[in-house]
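The values are calculated or read from the model by the stated rules, or taken from the named source; none is laboratory data. Computed from a prediction, not measured in an experiment: that's the story for all the values here. All Cβ positions, glycine included, derive from the backbone under ideal geometry; neighbour counts span all protein chains shown. With ligands, DNA and RNA removed, areas are computed over all heavy atoms of the protein, side chains included. Shrake-Rupley method; radii C 1.70, N 1.55, O 1.52, S 1.80 Å.
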Amino acid sequence: DRPSVTVAPLLLNKIFAAADGRAGRIVEVEAYAGAVDPAAHTYRGKTPRNATMFGPPGHLYVYFTYGMHWCANCVCGPEGAGGAVLIRALEPMHGLARMRAARPRCALDRDLCRGPARLTQALGIDGEQDGIDLVSAKDGYTVVDDGVAPPAGIVGGPRIGISVAKDFPWRWYVPGNRYVSGTAAQRA
């Protein structure tokens with residue numbers, strides 16, 4: 001129940017887990033901040049597509065993009081704020097055989113969860129999970145803290161793949177981590 005720009009860097013090094021044993025450490029995120037952020041799906045108000053982002057914090061907002069990919073976001077802020085954190089990349093930890101089965105054309109384990117569409121495929125996330133509760137884990141997915149602190153000295157940078165508000169420094173990643181998405185990895 002805090003702004004997405006506050007929550008986003010705190011999610012780094014947390015674990016995003018599925019009930020079937022698939023899990024990865026969050027290594028890259030982007031914040032989207034409702035009415036103050038032209039790149040947020042909620043910037044122009046509530047629609048059937050983005051309604052989950054206006055709901056209670058701690059839920060999963062899943063959307064379909066480019067006509068072929070699902071992306072997963074943690075809803076943040078007070079109900080009605082329309083903020084969320086896009087989970088951009090995970091370092092796979094558990095359930096790699098299941099991840100490989102979900103992404104059979106992926107040649108390298110490094111690429112299983114490098115990017116928001118890849119990680120949703122690897123974890124079996126699609127539109128059915130839109131709106132589920134990430135806090136209680138009762139709906140099959142959760143974000144947990146295993147005691148690893150967020151990385152020290154992280155710096156925000158521009159978000160990837162958007163056409164407006166590109167200069168907002170609201171993307172964070174674990175420096176030097178080889179599982180971050182392509183653009184961030186090149187800078188690490």
Next item on the list: Go over the candidates Met68, Met93, Met53 one by one and state the one that is more than 24 Å from Gly157 (Cα to Cα), of a type in the set (A, V, I, L, M, F, W, C) and surrounded by 15 or more Cβ atoms within 10 Å (Cβ to Cβ).
Entry: Met93
Check: Failed condition for Lys138, given (1) without any contact (Cβ under 8 Å) to a residue 24 or more places away in the chain; (2) open to solvent by less than 50 Å² (accessible area, probe 1.4 Å); (3) not polar (S, T, N, Q), with all others met?
Finding: (2)
Next item on the list: Within the range 27-50, work out how many residues are open to solvent by less than 30 Å² (accessible area, probe 1.4 Å) and charged (D, E, K, R).
Entry: 3
Checklist line | Residues that are more than 14 Å from the chain's Cα centre (by Cα), open to solvent by 40 Å² or more (accessible area, probe 1.4 Å) and under 24 Å from Pro48 (Cα atoms), drawn from the range 96-133 | finding: Glu128
Next item on the list: Please work out if Gly80 is out of contact with any helix residue (DSSP H, G or I) (no Cβ under 8 Å at 6 or more places or on another chain), small (Gly, Ala, Ser) and open to solvent by 30 Å² or more (accessible area, probe 1.4 Å).
Entry: no
Checklist line | the range 1-26: number of residues that are outside any helix (DSSP H, G or I) and either open to solvent by 40 Å² or more (accessible area, probe 1.4 Å) or hydrophobic (A, V, I, L, M, F, W, C) (or both) | finding: 12
